Structure formats: C-alpha cells, structure tokens
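Take a look at the structure set out below.
The numbers here are math on the coordinates, done by the rules we state, and not lab data. Treat the numbers as computed from the prediction; the structure is a model and nothing was measured. Using ideal geometry, Cβ is built from the backbone for each residue, glycine included, and neighbour counts are taken over all protein chains shown.
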Amino acid sequence: MKTLSRILALLLLAQTVLAQGIDDGDPLLNRPAERTYDIILESGYLKVGVYENFPPYSYEVDGEPRGIDVELGRRIAEEMGVDFIVHWITPDENLGDDLRNNVWKGHYLAKRRLADVMLRVPYDKTYAYMQDSTGEYINEQVVLFGPYQQETWQVAYNPEKLDSVETVAVFQYHPIGVEIDTLPDFYLTSGLGGRMREQVQHYPNVREAFQAMREGEVSAVMGMRAEIDHELAKPGNADFKAASNGFPGIGKQVWDVGMAIKHTHRQLGYALEAIVDKLVKSGELNELFASEELRYSVPDYYREFLDQQAIARAEGEL
C-alpha cells in the first residue's frame, strides 16, 4: 500500500512539473500566468513582449534593448510607475502562434514564460473576430487593442541605377531586393503576371538587402516604411532615396499596429490603452519616432474621430 501511495505521489508531482513547464529559477521569466493589473503594480515591473532582432522596432545594441517598440514599452512602464522588462519574441509560423506562445498559453517548452503585453500586433477587426468552421472565435483567448502606429510599404532606390520609381513596373528590368517569405516577396514575384519575378533577389532581412544595394547587386529594396527609413538614416546609405510609388493590388497598403493581452486581463488593457491614447494625441509618439529618424503616421483608428487639427498635432505638424 505504501508503494502504491509513493507511485501516486510521484505521478501527481510529475503532472505538476509538466503543467508548470520549465523553471530555470528566474522569477521574472517563470512568473505565474495570471498577472492581473494589481499584481503587476505590486510586483513593480511590466513585462513587454517585442520581436527579437527586428530593427528599428526592437533589437539589441551591445546587449541593450533598443528600438521604437522598446522605447514605447519603457514609456508605458514609466507611466504605470513600474520597471520595464523586455520579453523577446522569436517569431513562429504565424501571428496566431506568436500570440499563443507569448500572451495566453506559452510555448510547450516554457509555458510560464509569458509577456504581460505584446507590441507590434496588427490591429485588424477582421482578424480579431475571425471564426473557424464551427463558428468559434479563433482569437478568443486574446484582446487586440490600442493601435499606436500606422505602417505602410516603401521602396528605396539607388539614383545611380534608376532616375525615379513612379511604378513597380520598372522592376521588370531592374533587380530589387526583398526579405524572403514576406509580402513584398510574394507581391513582386507574382505581380504583373509574374514579369518581375526574375528581378526579385532574396535576403534574410532588409539590412542585408541594403548591403546588396550598396554593392550594386540590386537597384532598389522594398520593405516596411520604418525599416526603410531606418536604413536610409545610416551614413552608408545616404545616397539612396525613398520612392513615392504606390503598390496596386498588394492587398493592404497601410495597416494599424497595436497591442495584445490575454482576454482575462482587460483591466490592464484599459490602463495601457489610456497611456497610449495620451502618447498618440499629444504628439509624444511622433517625437519618439522622430528621435529615431523615422516617419510617424496616426493610425486609421484615430482618423475616424479626430479632426484634422488634432491629427496634425499628433503627427507633429503643429
């Protein structure tokens, strides 16, 4: 009987360990999953999820977190009166995986490693309320909220190779660099009936695509505007220019970027939303972007109810 009791005890212990996931002894990483607003204030820190190695949004310089999203996370934590702790996110196959692994459930190898809030999440109502074949909401475990930036696509080009870029049709005849397996990659390889496909050169990221442009391998680079602006601000890329062309047929030319929390943490969401709302309307977020030599655009979310003067103030034009 004692032997059976020991076996049952061991089984229960094993189940508990598996349920908790890996614990490396760091309380900041292996925290309880249910960190409510009050618990966050009591703990004295806010853990903000940002994508790793993703300049200019979030990256490291000499071991220190840098980037727009990192600075926004610091500003939010400061407004809450707590310390900022970075939670680096390694991107998975899709956004749903990233939300599951970092916001509401945790990766199967480290289920307790969760962010209090995740930044750089597309603010899209269609995606937020997407349903599966049974009518269940796919994203019911998370709340997408607090849009803080409008992002768009951008082309930069070498004026020694191209006089201008009025239309993407020019890339039927001139090579252009893109990050592999991104929307610019799919767009340029399939657009115009595939006539640009042979001119599309693939790179691990926008930074290496710019290096290829410096070395004369490509005449232009396409990526997100902030990524392009970040590279154009570097001394080695000073001779390159931002194009003014549009992207017909790309699907989403512009989109809002916001935040995500676990659906049970709505009080935290209300507090974060109020802080971000103040930063947007006051123009402080525009100043933050300008300090990094990046252009800022107010999200469409605000354009629905702010007048032109308020939008101009938010974008630093007043």
Highest-MSF residue in the chain out of Pro204, Pro65, Pro299 [GNM, Cα springs under 10 Å]: Pro204
Cα lying deepest toward the dipole's positive end in the chain, options Leu144, Gly193, Val165, charges on Cβ: Leu144
Dipole of the chain, positive end: most advanced residue of Tyr59, Gly81, Gly246 [Cβ charges, Cα centre]: Gly81
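In the structure displayed, which of Lys161/Lys252; Lys105/Lys125; Lys105/Lys262 lie more than 18 Å apart, Cα to Cα? Could the numbers behind the result be given before it?
Working: Lys161/Lys252 28 Å; Lys105/Lys125 22 Å; Lys105/Lys262 9 Å.
From Lys161/Lys252; Lys105/Lys125; Lys105/Lys262, over 18 Å: Lys161/Lys252; Lys105/Lys125.
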Most mobile listed residue (Glu293, Glu304, Glu198) in the chain, GNM with C-alpha springs under 10 Å: Glu304
Whether the stretch 152-242 is rounded, prolate or oblate, judged on the alpha carbon gyration tensor where a/c under 1.5 counts as rounded: prolate
³J(HN,Hα), Karplus 6.51/-1.76/1.60, whole Hz, each residue of the stretch 264-275, x for Gly, Pro: 7, 10, 5, 4, 4, x, 4, 5, 5, 4, 5, 5
Cut-off under 5 Å, modelled amide H: who pairs with Gly49 long-range: His87, Asp116, Val117, Met118, Leu119
Residues with amide H under 5 Å from that of Gly106, placed H, sequence gap 5 or more: Asn101
Max mean-square fluctuation residue, GNM over the chain, Cα-Cα springs under 10 Å, options Leu119, Leu272, Leu192: Leu192
Placed amide H near Phe54: partners under 5 Å, 5+ positions off or other chain: Tyr59
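At most 12 other Cβ atoms within 10 Å and a DSSP loop assignment: could you name the chymotrypsin sites (Phe, Trp or Tyr not before Pro) in the stretch 244-318 that fit? Present the calculation step by step, with values, prior to reporting the outcome.
Working: sites: Trp255, Tyr270, Phe289, Tyr296, Tyr301, Tyr302, Phe305; in loops: Tyr296, Phe305.
Listed in order of number, the matching sites are Phe305.
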Sparsely packed trypsin sites (Lys or Arg not before Pro) within the stretch 172-257, loop by DSSP, other Cβ within 10 Å at most 16: Arg195, Lys252
From phi via Karplus (6.51, -1.76, 1.60), per-residue ³J(HN,Hα) for the stretch 68-84 in Hz, x at Gly/Pro: 4, 5, 5, 5, 5, x, 4, 5, 5, 4, 4, 5, 7, x, 10, 7, 9
Overall form of the stretch 244-318 per C-alpha gyration tensor (a/c, 1.5; a/b vs b/c): oblate
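Within 10 Å of each candidate Cβ there may be at most 13 other Cβ atoms; applying that plus a DSSP loop requirement, which chymotrypsin sites (Phe, Trp or Tyr not before Pro) in the stretch 140-227 survive? Please list the in-between numbers first.
On the way: sites: Phe145, Tyr148, Trp153, Tyr157, Phe171, Tyr173, Phe186, Tyr187, Phe210; in loops: Tyr173.
When the chymotrypsin sites (Phe, Trp or Tyr not before Pro) of the stretch 140-227 are filtered for loop state and at most 13 Cβ neighbours within 10 Å, Tyr173 remain.
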Rounded if a/c under 1.5, otherwise prolate or oblate - the stretch 35-110, Cα gyration tensor axes: oblate
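For the chain, what is the mean residue ellipticity at 222 nm derived from helices alone (per DSSP H run of n ≥ 4: -39500 (n - 2.57); sum divided by total residues; nearest 500 deg cm²/dmol)? Write out the running numbers ahead of the final one.
On the way: 12 runs with 109 residues, N = 318.
So the calculated ellipticity at 222 nm is -9500 deg cm²/dmol.
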Table column - 3J(HN,Hα) (Hz), the stretch 278-283, Karplus curve with 6.51, -1.76, 1.60, x for Gly and Pro: 5, 5, 5, 5, 7, x
